Every structure is written in C-alpha cells, then in structure tokens.
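**Student:** After the structure tokens below, expect a handful of questions from me.
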Amino acid sequence: MPVLLSARRLTRTYPNGQGVFDVDLRLEPGELVALMGPNGSGKSTLLRVLGTAAAPSGGTVSWFGTTDLRDPAVRRRLGVVLDQAAHFEEMTAYQNGWFFARQFGLEPRIAAERIEDGLRWAGLWEARHQPVREYSLGMKRKLSLVEAFLHRPQILLLDEPTLGLDYRAELALIERLQVLSLTGTGIVIATNDVHLAERLCHRVLLLHQGRVVTEGRVARLLTAVAGSKELELQIHSPIDLEGIRSLPEVEAVSASGHTVSVMLARGANPAQVLAILNGTSDLVSTMRVRQPNLGDLFLKLTGVPLQEEGAR
Amino acid sequence: MSPPALPASIWQRELIEFEQRRRALVVKLLFPLLIALPLIYSRAAGVYAAMALTMLTATVGALGSGAVLSRERAIGLNVRYRLLPRRPAAVLLERVAAGAAIDLVQMLVVLVLIAFRQPTRLAWLPAILLAAAGVLAACNVLGAWASSLTRSPGEVMLAVLLPLLPALYLSGVFTAPAAPLLAAISRLLPFTYLHDALLGALTGRPQLTPWADAAAGIVFLAVSAALTGLLARRVLERD
C-alpha cells in the first residue's frame, strides 16, 4: 500500500519547552486517523507540521515521498484547516473560495462548479455574496472546510473540524469525510471529541505532553479498557477523592467542576466506590455507569482527563 | 448590481480588498493630497517640500506594508499564504509588488500637483515616478521585514522608524552630506534619488540628472525584488 504521509521521530519544539516529540505516523490512502489529547498535548502543533505550516525541529516528514515541505507539488495535494478560521474578511465567501480555488490551480469552470457545490453543501450558498467579516464563527469554520475540499486534496488535515458546527453540519461533515475516505483520501483529524474519533476514525494516536502514549486501531485500543467500567458522579460539594483513588479496584480518578469520573478495573463492583461515599452520599446528585471509551483509556494511561468538562 | 470581481491572484486580491475598503481607500488617497497640496502650492521653499515628500513616500511604503503583514500574521492569514502551492519568494514578491503599486497610485496625485505647479520641468516627472517606485518597493520590503520582528501593527512603527530615520538622514534629505564617506553612503540609498528628483522638479537645483534618478529607481526595484526573495521564508514562516 503506498504511503501518503510518513513521519519518523518527528519533533517540533517551542522556546517554552512545549511541542511534540519523537512522533511516528503513517497515513495510507483512505485512512482516517485521529490525533487526540487534551488542550496543550501537541495535537495542533503536530497537525501544523504535517500540514507544512511549520517545519519540524527534528526527525523527518515525507509527503508523497518527498521531504521538501515547500514543494508546491506537495501543497497542491494537501487540504489543511488549522485552528484559526482565517479569511480575507472584506471579501465575500465566494471571492475567498475563488481565490483559493484558482491559487490551487483549478480552471475557472471547475472552480465555479466546486465552489457552488461546496457552499451549497455547507449551507452558505445564500450568504455567498456577504463579506466574511459578517459571518459567525461557525460559518467561517464551514467556509474553511469548503476551501480545503475545493482542489480534491489527497491528504486532508483538519484541526477540530467540528468546532463551532451545529449537529446537522457535523453529521454532514462526517458523511463527507467517510465518502472522501472511501475514494482514497487520507485524513488526519486533531480532536478531543471521543465520539467523533470512535465513530469516524480507523486509527487513533493519543498524545500527552507532546508524546504519543499509545496508538492503534480504535477497536484494538478499546480492548485495553474492555470489561472495565466508568462511574460518573455529579457532586454538589467536594468528596474524598484520595479515598476513592486508594481503592485497588480503581484505576484512575479525574474531577472536573462538578463531575467526578472513576475508572473501575475489570470486574470491579461500583458498590465498592459507593461504600467510600457512605454517609456522604447526599453530596452526589446523579450517578451513572457506562462502558469505557477512548477518553477512559487516556485517563487510565496518563491519569489526566482527555476533555475539559464542557467538551464531554 | 454588477457581479463581484473574482480574484485569481494575490495582486488581484489586494486590489479588490483595497477597493472594497472604501473608507481606507479615501483616507489613502486624501492623505498625500492633504500633505502635498500646501507644500507644493504655498510659498514654502521647494527644498522643504522635497524633504517632506521624500519622508512621506518612505513612511507610506514601510508602515503600510509592515502594519498589514503584522495584522495578517495576528489573525492567521499569514499561514494561509504559507500553505499556498507556491514558493515563499513568489508569494512575498507578489504581495510586496502589489503593496508598492497601490502606494504608488497614492503618490500619483503628488505628481499631478507638481506637474501643474512646475509645467516647465515635466522632464523630472518620469524620474520622480521611477525613483518613488524604487523607494516604495524598498520600504515595502523594510515593512515586511519589520513585521517579522514584531507582534502587533503598533510595534511595526517603531521597528520601521528605527532604521528609516537614520537612512533618511544619510540620504541627505535633511542636509546635504558634506563628508565624502557620507556622500558615498547616500548614493547607496534609494531616498537620495527621489529627493534629488523632487529637488529637480520643485527647485531646479538637483545634484543629478533625471536619467540618473530614474535609473537608480529601476536599480532599487531590482534590489528590492532580490531582497524580497531572501526574506520570504523569514516573513512568511514566522508565527
């Protein structure tokens, strides 16, 4: 199978010591790969390097067999959406689309067809002659996606692609990415949306403090936490987290705002945790047990939650 | 309503955005007019007008380009340019050339005023035009470089003026260089030739010929293009 993108011991450091370190990654045609990690884990930095927006400080990255990140032939085959939805604000969405379509080498007739198709898909066709400065953040994010799809790139690199999108737009995006994957486009998504990654992606890299803590097929990764359970408690007041953490059945505990997540080992009984809360159970407003997901795996491996409370 | 213009290239995009920012367009065109009109038509000596107009041209070129690039870096547009499938030198060259060309359009009004004021010295107008193009190109490159050193458009002003003011002094804009070394240095700076061409048109007492000033303008256009190529990666790839 030809490799679209390959990174070996990729490192990108910043003066403050943060960055990504020694990352290995391969992307084959049709593959959907998620880069997951909490804020500051390095997933956006990694995506920027893979998208040629930043040069690696160490290691190598090759796109279609070349390591020259400034090679126009490489960039012509990449579609990149970074965290900032930057556009030429005084120009309309159509003008922005036209500029990028033509810069990426599309003939005027093809450009017109694809811009119309993309803007209609994104629900922006009616607002196509509106200056982008009048757009909401969600509309700008959609326009960024449209622009990235215009030249039918062979590799798509998307940073938090569902950020700012409503539910319908998110479903439309997932469907589109699945179709693109089936037609051979390699896709890398940086996200901390567990459900998006589990639903859409074939492979996942979990990043923590700039390093890959584990990677592999989603189903295989989930076997590491299969049989275990997550107990999620909504609390009014602080509870004895250390007491819970010290239980042998407990693999990890995280607290974020009023939510406490307790990762239970395979075969453990949630009642043992509840026993710790004996006498203070009135502090707990709701409690629920659910099957573990990639977020729980991350918590188990690193001891820190994958998502902020608001993102869960 | 006419259909909106569709930009296929960077220079077309710059022109369209310039045209669509109506208020900025009016300010840009009025600004040199308001400064040049009293300078050229008052009883002030032509030497002061030449000095002020040289400074105005240099400042317009450097500050405009520096502030725009700095703002674009802050809002993420610099990265969008970086990801275009073109070499960095080609991208920056087109941006700097478009910026300098728009600045030159601004300065055309000054040429018209001079032409009406001094109809017998029309030979100097092509020299002023080419020397101004050289100054604007060089100053746009200076602004681009300054934008890569700073974090905000406000800081660009400081980063631009620090080298610009001594360079203007060394060019003999304020006082003619007496020492041979200073005179030699002045010949290496683009402001010297614009100042001289303006002196030629406004006072009739230049140091050089119109041909020399015009040729120098062309040389500085070429030098600016080469410098743009050298600076492109630094300017476009800094976050």
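The values are calculated or read from the model by the stated rules, or taken from the named source; none is laboratory data. Bear in mind the structure is a predicted one, so any value in this text is a computation, not a measurement. Cβ coordinates were reconstructed from backbone atoms using ideal geometry, including for glycine residues, and neighbour counts include every protein chain displayed.
**Student:** Can you confirm whether B:L113 is under 18 Å from the mean Cα position of the chain (by Cα) and either without any contact (Cβ under 8 Å) to a residue 12 or more places away in the chain or assigned to a helix (DSSP H, G or I) (or both)?
**Tutor:** In short, no.
**Student:** Given the conditions (1) under 28 Å from A:P131 (Cα atoms); (2) surrounded by fewer than 24 Cβ atoms within 10 Å (Cβ to Cβ), report the number of the one that A:G65 does not fulfil.
**Tutor:** A:G65 satisfies every listed condition except (1).
**Student:** Of all residues in the range A:162-184, which are touching an Asp or Glu at 6+ places or on another chain (Cβ under 9 Å) and within 20 Å of A:E28 (Cβ to Cβ)?
**Tutor:** A:S181
**Student:** Please work out which one of (1) assigned by TED's automatic domain parsing to the domain that holds A:D24; (2) in contact with a Ser or Thr (Cβ under 6 Å, 6 or more places away or on another chain) is the condition A:R211 fails and give its number.
**Tutor:** In the conditions (1) assigned by TED's automatic domain parsing to the domain that holds A:D24; (2) in contact with a Ser or Thr (Cβ under 6 Å, 6 or more places away or on another chain), A:R211 misses (2) alone.
**Student:** Then there is this: Could you please find all residues in the range B:3-31 being assigned to a helix (DSSP H, G or I) and more than 25 Å from B:L93 (Cβ to Cβ)?
**Tutor:** Across the range B:3-31, the qualifying residues are B:R22, B:R23, B:V26, B:V27, B:L29, B:L30, B:F31.
**Student:** All but one of (1) surrounded by 16 or more Cβ atoms within 10 Å (Cβ to Cβ); (2) farther than 30 Å from B:E72 by Cα; (3) of a type in the set (A, V, I, L, M, F, W, C) hold for B:L164, so report the exception by its number.
**Tutor:** Status for B:L164: all satisfied but (2).
**Student:** Could I ask something else about it? Find the residue count for the range A:1-41, including only residues that are of a type in the set (V, I, T) and under 17 Å from the mean Cα position of the chain (by Cα).
**Tutor:** 3
**Student:** Read through the list (1) outside any helix (DSSP H, G or I); (2) modelled with pLDDT of 95 or more; (3) surrounded by 16 or more Cβ atoms within 10 Å (Cβ to Cβ), then give the number of the only condition that B:L188 fails.
**Tutor:** Here B:L188 clears every test but (3).
**Student:** Also, I was wondering about something else. If you check A:L163, A:L157, A:L145, A:L150, which single one turns out to be at pLDDT below 95 and either in contact with a strand residue (DSSP E or B) (Cβ under 6 Å, 6 or more places away or on another chain) or more than 9 Å from chain B (Cβ to nearest Cβ) (or both)?
**Tutor:** Among A:L163, A:L157, A:L145, A:L150, only A:L163 is at pLDDT below 95 and either in contact with a strand residue (DSSP E or B) (Cβ under 6 Å, 6 or more places away or on another chain) or more than 9 Å from chain B (Cβ to nearest Cβ) (or both).
**Student:** Now for a separate question. Counting just the residues of the range B:72-86 that are closer than 15 Å to A:D71 by Cα and in a helix (DSSP H, G or I), which one comes out nearest to the other protein chains (Cβ to nearest Cβ)?
**Tutor:** B:R82
**Student:** Could you tell me whether A:G17 is buried (at least 22 other Cβ atoms within 10 Å of the Cβ) and either at positive phi or not assigned by TED's automatic domain parsing to the domain that holds A:H202 (or both)?
**Tutor:** No: the conditions fail for A:G17.
**Student:** Let me ask something additional. Of everything in the range A:119-139, what is touching a helix residue (DSSP H, G or I) at 6+ places or on another chain (Cβ under 8 Å) and among the polar types (S, T, N, Q)? Give them in sequence order.
**Tutor:** A:Q130
The rows are residues; the columns are (1) modelled with pLDDT under 80; (2) over 30 Å from A:V204 (Cα atoms); (3) of a type in the set (F, W, Y).
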residue	(1), (2), (3)
A:I235	no, yes, no
A:I239	yes, yes, no
A:R245	no, no, no
A:A252	no, no, no
A:V262	no, no, no
A:G267	yes, no, no
A:I276	yes, yes, no
A:L283	yes, yes, no
A:T302	no, no, no
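**Student:** What is the residue count in the range A:103-117 for residues that are farther than 23 Å from B:R95 by Cβ and touching a Leu at 6+ places or on another chain (Cβ under 6 Å)?
**Tutor:** 1
**Student:** What number of residues within the range B:1-18 are more than 9 Å from chain A (Cβ to nearest Cβ), within 19 Å of the chain's Cα centre (by Cα) and not aromatic (F, W, Y)?
**Tutor:** Adding up the residues that qualify gives 2.
**Student:** Has the range B:24-41 got at least one residue that is out of contact with any Gly (no Cβ under 9 Å at 6 or more places or on another chain) and within 14 Å of another protein chain (Cβ to nearest Cβ)?
**Tutor:** Yes: the range B:24-41 contains one or more residues that are out of contact with any Gly (no Cβ under 9 Å at 6 or more places or on another chain) and within 14 Å of another protein chain (Cβ to nearest Cβ).
**Student:** In the range A:205-253, what residues are in a strand (DSSP E or B), more than 19 Å from A:G42 (Cβ to Cβ) and touching a residue at least 40 places away in the same chain (Cβ under 8 Å)?
**Tutor:** A:K229, A:E230, A:L231, A:E232, A:L233, A:Q234, A:I235, A:E251, A:A252, listed by residue number.
**Student:** Same structure again: Step by step: first the residues of the range A:168-180, then only those that are surrounded by 19 or more Cβ atoms within 10 Å (Cβ to Cβ) and either under 16 Å from the mean Cα position of the chain (by Cα) or modelled with pLDDT under 95 (or both), then the one that is farthest from A:L150 (Cα to Cα). Which residue is that?
**Tutor:** Going through the qualifying residues, I end up with A:A169.
**Student:** I've got another one for you. For B:Y48, which of the numbered conditions (1) more than 14 Å from every other protein chain (Cβ to nearest Cβ); (2) out of contact with any Leu (no Cβ under 8 Å at 6 or more places or on another chain); (3) within 24 Å of B:A138 (Cα to Cα); (4) exposed (fewer than 15 other Cβ atoms within 10 Å of the Cβ) fails to hold?
**Tutor:** (2)
**Student:** Suppose we filter the range B:132-161 for residues that are more than 14 Å from the chain's Cα centre (by Cα) and buried (at least 24 other Cβ atoms within 10 Å of the Cβ); how many remain?
**Tutor:** Total satisfying the criteria: 3.
**Student:** Could you grab the pairs with beta carbons closer than 9 Å, sequence gap of 6+ or different chains, first residue in the range B:215-229 and free of Cβ contacts under 8 Å to residues at least 24 places away in the same chain and within 17 Å of B:S65 (Cβ to Cβ), second one of a type outside the set (F, W, Y) and in a helix (DSSP H, G or I)?
**Tutor:** Every condition considered, no pair remains.
**Student:** In the range A:123-135, is there at least one residue being more than 10 Å from every other protein chain (Cβ to nearest Cβ), of a type in the set (D, E) and not in a loop (DSSP other than H, G, I, E, B)?
**Tutor:** yes
**Student:** A further question follows. Based on this model, can you work out whether A:A219 counts as of a type in the set (G, A, S), surrounded by 22 or more Cβ atoms within 10 Å (Cβ to Cβ) and closer than 30 Å to A:P153 by Cα?
**Tutor:** No: the conditions fail for A:A219.
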